[in-house]
2 protein chains.
Amino acid sequence: MKNDIQIAQEAKMEHIVKIAKKLNLSEDDIEQYGKYKCKISLDVLEKNAHKKDGKLVLVTAINPTPAGEGKSTVTVGLGQALCKMGRNAVIALREPSLGPVFGIKGGAAGGGYAQVVPMEDINLHFTGDMHAITSANNLLSAAIDNHIHQGNVLRIDSRRITFKRVMDMNDRALRNIVVGMGGKINGFLREDGFMITVASEIMAILCLANGLEDLKERMGRIVIGYDLDGSPVYAKQLEIQGAMALLMKDAIKPNLVQTLENTPAIIHGGPFANIAHGCNSIIATKMALKLSDIVVTEAGFGADLGAEKFLNIKCRYGELTPNCVVIVATMRALKHHGGVKKDNLNIPNVEALKIGIVNLEKQIENIKKFNVPVVVAINKFLTDSVDEIEFIKEFCGKLGVRVALSDVWAKGGEGGLELGDIVTDILDNEESNFTTLYSEKEKIENKILTIAKEIYGAKGVVYTPAAKKQIAELEKFNLDKLPVCMAKTQYSLSDNPALLGKPQGFDITVKEIRVSNGAGFIVALTGDVMIMPGLPKVPAANKMDILDGGKIVGLF
Amino acid sequence: MKNDIQIAQEAKMEHIVKIAKKLNLSEDDIEQYGKYKCKISLDVLEKNAHKKDGKLVLVTAINPTPAGEGKSTVTVGLGQALCKMGRNAVIALREPSLGPVFGIKGGAAGGGYAQVVPMEDINLHFTGDMHAITSANNLLSAAIDNHIHQGNVLRIDSRRITFKRVMDMNDRALRNIVVGMGGKINGFLREDGFMITVASEIMAILCLANGLEDLKERMGRIVIGYDLDGSPVYAKQLEIQGAMALLMKDAIKPNLVQTLENTPAIIHGGPFANIAHGCNSIIATKMALKLSDIVVTEAGFGADLGAEKFLNIKCRYGELTPNCVVIVATMRALKHHGGVKKDNLNIPNVEALKIGIVNLEKQIENIKKFNVPVVVAINKFLTDSVDEIEFIKEFCGKLGVRVALSDVWAKGGEGGLELGDIVTDILDNEESNFTTLYSEKEKIENKILTIAKEIYGAKGVVYTPAAKKQIAELEKFNLDKLPVCMAKTQYSLSDNPALLGKPQGFDITVKEIRVSNGAGFIVALTGDVMIMPGLPKVPAANKMDILDGGKIVGLF
């Protein structure tokens, strides 16, 4: 069987100018990056302002399991299927980070016959957006330490600098560091740390900004830390937001590529789904809505994290109305939620399915709370039994939700026609009465309680003393009127990764509260969040190579 | 008077496809990065292998002074002038680093009416080469710390890791750091430091490699440090050179842009001129020689450092034959070498010129030792007097060297016709009998002594005990048969920046010896070398901005 990179390298790509034409974009609307990638000018948004938006489809999933659900693959495959059906559809995805590529994961841009290409470029530097974010982030960091070194007029408390440096790399040695060693000419000593670039607040800002001016203002609003009196210090006080925005002048433009079936795919932005909101950029999504009839996009992790943030944070700032939500599951993953061990996941087991399906049930219930139509996509495996499939269809049927089998990994768009039929039927005939779940004007505790009770099914929320103090501080400085971004384990509806299915009677414990004031959300941490991964014993990088003539191996 | 960015923004740029056509490059030979930048495929080298090389002109200078010499400006202006004269010429320059742009310098890509454009892009992320180098460098660093964390089979001595992390930023706080804090899951504690990206050995490798395979082999040869027995540890022992080369798959391709007068300019690579060799890439230079009749290139700092390394290191590895060397000087700079204070440099002063001209005289003598024809270019200022100009012409005449006045800053190519006439006369009628100054097979001390005596005019060379020990170590491990890269102050022919003109009777003190085994040279440090600059009190970044609509200000 061919692996992803082999399939990708056999793709018959069309020149990007031709892909752009499918979206009615002229050569003047784009900036080519080689023959198969381009950036789309922001002018396109303005030029098409009068046009009606297309419909927005969000692909999300049950709580992820080691079995794998294939959310990105379904997203790409659904886009391919819709185009096959003669619909004018475009896919809007997140950009992958370089760190995981060299760590465990290898490349990632869908899978099988539902991939975006050129996968080598998308997985490596792509059009440089990650690097621009890294530069803008680290310019601010350099400006902070330089300000302190040059006299510290703002009286920044070097013990309370919350803004960290970033690198697009898996590098555990940089998690906790001491900077400024070496005496007077090298600055003041302090503790610091690097995060991976996708965890940068700059990335979240890029994805929530509505344009260049908004981006710059958000950069200026970043709280970089506190002064010796305990008041927040903002990036704009360092007069650096102009240069930061300048570094982002190209990164702010959405990138256009294609799928294996030459469906246009806009790939732009990719914030972490724990300490950030985990969706592609608002600018890219809005542009896609102007350029096509149907936009298929995805959010990170399961629906309790990714979709909740997509709906409560991204749609709020972007004033977006999702028209349909697809929840992806696999038999294997549902059986995992039903308590089946990894080695037995391929054995048909309707009883385990009956136990595990509560996870899917809860995610369906959650999406319905936002008043958006839902459909379930079962990402097919050869081992799925007729009885299992029947059971799921019947179960969802009772909830008034349709189920489609998706076979896009093996068959591309052809394998997504069943899902495409249901989705288009919903888009053509059902109304979305989308509403967010809470007002950002509420008190922080109320916002968190709403998410915990309504989405996670928790009994209540417990705060550590530190978290309580942090909430009081944010209220004092009027930094509390923002939506909440939950940093919780993705593996469970609760904050305990071991509780599968649909946990009951649990409390959510909030250990820490931070503000990403530039991005525009309050982060509630319920556990340790990994913001700088490490490399495994044998990194994926060790198998990668580029041969004489340019053939790439090991990137899959 | 207009500043550089204003002039650049008024440029009438031609589409990059049209510029490529001037070099007989088809659309298939290039990869566009927007409308005004492209990368040139490496296949072009092979396709043109049968073609005769064009002539190679190196632009260098006297020892730099605070008065400024304008070497890059003359390089660009000469290229423009040659095209105006109907010659098929191309310019080959180094890529600027992002760090200094935000520090003191602002943007830099020539000056006045002799600039390369689009200057904003060239000065910011350009086509991402710097970021690719940063990534490849830091992947190796992450692999080193990961190897130690995962059991340290190679027994790497964490006290003797010589390969540092890099960032393309002026950030003094990162000069000396401690990494790996936080206990077991975060790796082993050790001292480390960041250099600016242009100081990375990866940058030097990019610029000295003859192709992708050579690049990868050089990556593998990097000495990352020593093991607990004191033996060198190579990057290839970490099996990471394939992934590093993969990260460089686009960075290895030369970039094409244009001058204000639409002359093709190839800009590729930009290593430090102290701990590295300070020239653009061999691949770019070779490609330029295949694509045009005359290639005008430059080297860092003055002729004693930049030209010496260009000739002894770059030409050695690239098997290049320079046909003409242009030495740039200004009246102001020569008077500075003659002892005139900064405030009085604009006052005509032939007596001071007579004293200071010995610096130019020595640089001319040095180039002649390589058996390459020389011409002097006086970069004109309004305050230059007729007597001063007469004196210089007469002085150089006695040495058998012609002098041209260059006014390219104010007049573009038109102001470089006099220089162009002399250069083309040399190229058409004089022979270059180029030879390097020493054999790389010599002992390290002999190679250094040759450079010190022949080029600097030193009495001898003194070694610290540390340097002696390091030489013995390199000899022991057979790492000594490489050309030498001197890291010396650029302001003096000696290793004392205060000694202007042509110092006499001095010794050069070598404090430290390092090996850049991947790049292929031994670095001899004669003083402290700044490998990570800091930001000034008011960084240039504070004045930079991008306005709504995209207009860029403050980048000059």
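Going through (1) crowded, with 22+ Cβ neighbours inside 10 Å; (2) assigned by the TED database to the domain that holds A:V295; (3) in contact with a strand residue (DSSP E or B) (Cβ under 7 Å, 6 or more places away or on another chain) one by one, A:S141 falls short only on (2). Residue count for the stretch B:246-281, restricted to those that are over 22 Å from B:V523 (Cα atoms) and in contact with a Gly (Cβ under 9 Å, 6 or more places away or on another chain): 12. The selection criterion, being touching a helix residue (DSSP H, G or I) at 6+ places or on another chain (Cβ under 7 Å), within 23 Å of A:A199 (Cα to Cα) and modelled with pLDDT of 95 or more, does not hold for A:T263. Hey, does the stretch B:415-438 have a residue that's touching a residue at least 40 places away in the same chain (Cβ under 8 Å), surrounded by fewer than 21 Cβ atoms within 10 Å (Cβ to Cβ) and under 30 Å from B:Y226 (Cβ atoms)? Within the stretch B:415-438, one or more residues are touching a residue at least 40 places away in the same chain (Cβ under 8 Å), surrounded by fewer than 21 Cβ atoms within 10 Å (Cβ to Cβ) and under 30 Å from B:Y226 (Cβ atoms). Read through the list (1) under 21 Å from A:S135 (Cβ atoms); (2) in contact (Cβ under 8 Å) with a residue 24 or more places away in the chain, then give the number of the only condition that A:T263 fails. Of the numbered conditions (1) under 21 Å from A:S135 (Cβ atoms); (2) in contact (Cβ under 8 Å) with a residue 24 or more places away in the chain, the odd one out for A:T263 is (1).
On the given criteria, is B:I161 touching a residue at least 12 places away in the same chain (Cβ under 8 Å), among the aliphatic types (A, V, I, L, M), within 22 Å of B:V529 (Cβ to Cβ) and surrounded by fewer than 24 Cβ atoms within 10 Å (Cβ to Cβ)? The answer is yes for B:I161.
With respect to the conditions (1) under 13 Å from B:A276 (Cα atoms); (2) modelled with pLDDT under 95, B:A541 falls short on a single one, namely (1). Among residues of the stretch A:30-56 that are within 10 Å of another protein chain (Cβ to nearest Cβ) and within 24 Å of B:D28 (Cβ to Cβ), those with a Cβ under 7 angstrom from a residue that is part of a helix (DSSP H, G or I) and modelled with pLDDT of 95 or more, sequence gap 6+ or separate chain, pair up as A:I30/A:A20; A:Q32/A:I16; A:K35/A:I16; A:Y36/A:I16; A:K37/A:I16; A:C38/A:I16; A:C38/A:A20.
Scanning the stretch B:210-218 finds one or more residues that are within 14 Å of B:G518 (Cα to Cα), more than 10 Å from chain A (Cβ to nearest Cβ), modelled with pLDDT of 95 or more and within 20 Å of the chain's Cα centre (by Cα).
So, in the stretch B:439-472, of the ones that are more than 23 Å from B:G505 (Cβ to Cβ) and touching a residue at least 40 places away in the same chain (Cβ under 8 Å), which residue ends up surrounded by the most Cβ atoms within 10 Å (Cβ to Cβ)?
It comes out as B:I444.
When the stretch B:7-29 is filtered for residues that are among the small types (G, A, S), over 20 Å from B:L82 (Cα atoms) and either in a loop (DSSP other than H, G, I, E, B) or without any contact (Cβ under 8 Å) to a residue 12 or more places away in the chain (or both), only B:S26 remains. Taken as a whole, the structure leaves A:I91 outside the set of residues that are touching a residue at least 60 places away in the same chain (Cβ under 8 Å), over 24 Å from the mean Cα position of the chain (by Cα) and crowded, with 23+ Cβ neighbours inside 10 Å. Taken as a whole, the structure leaves B:V44 outside the set of residues that are closer than 29 Å to B:P533 by Cβ, in a helix (DSSP H, G or I) and assigned by the TED database to the domain that holds B:G270. Filtering the stretch A:509-556 to residues that are without any contact (Cβ under 8 Å) to a residue 60 or more places away in the chain and among the β-branched types (V, I, T) leaves A:T509, A:T526, A:V538, A:I546.
Note on the stretch A:239-253: among residues that are at the interface with another protein chain (Cβ under 8 Å from one of its Cβ atoms) and not basic (K, R), the one that is nearest to B:T127 (Cα to Cα) is A:D250. Of all residues in the stretch B:313-354, those satisfying the criterion of being of a type in the set (A, V, I, L, M, F, W, C), under 29 Å from the mean Cα position of the chain (by Cα) and in a helix (DSSP H, G or I) are B:I313, B:C315, B:M331, B:A333, B:L334, B:L353.
Step by step: first the residues of the stretch A:174-204, then only those that are assigned to a strand (DSSP E or B) and more than 7 Å from every other protein chain (Cβ to nearest Cβ), then the one that is farthest from B:H149 (Cα to Cα). Which residue is that? Looking at the filtered set, the residue picked out is A:R190.
A:K2 falls short on exactly one of the conditions (1) in a loop (DSSP other than H, G, I, E, B); (2) closer than 14 Å to A:P264 by Cβ, and that condition is (2). Which one is farthest from the other protein chains (Cβ to nearest Cβ) among residues in the stretch A:521-556 that are surrounded by fewer than 24 Cβ atoms within 10 Å (Cβ to Cβ) and among the small types (G, A, S)? Checked the stretch A:521-556; the qualifying residue farthest from the other protein chains (Cβ to nearest Cβ) is A:G527.
Counting only strands (runs of 3 or more DSSP E) that sit wholly inside the stretch B:86-167, those with at least 2 residues that are basic (K, R) and more than 9 Å from chain A (Cβ to nearest Cβ) are B:156-161.
Could you look through the stretch B:292-312, keep only residues that are of a type in the set (S, T, N, Q) and over 11 Å from the mean Cα position of the chain (by Cα), and pick out the one that is farthest from B:S432 (Cα to Cα)?
If we filter the stretch B:292-312 for residues that are of a type in the set (S, T, N, Q), which is where we start, we get B:292, B:297, B:312.
Now restrict to residues that are over 11 Å from the mean Cα position of the chain (by Cα): B:292, B:312.
Working: B:S292: 19, B:N312: 15 Å.
Step by step, filter the stretch B:292-312, then rank; the result is B:S292.
The values are calculated or read from the model by the stated rules, or taken from the named source; none is laboratory data. Remember, it's a predicted structure, so these values are computed and weren't measured experimentally. Cβ coordinates were reconstructed from backbone atoms using ideal geometry, including for glycine residues, and neighbour counts include every protein chain displayed.
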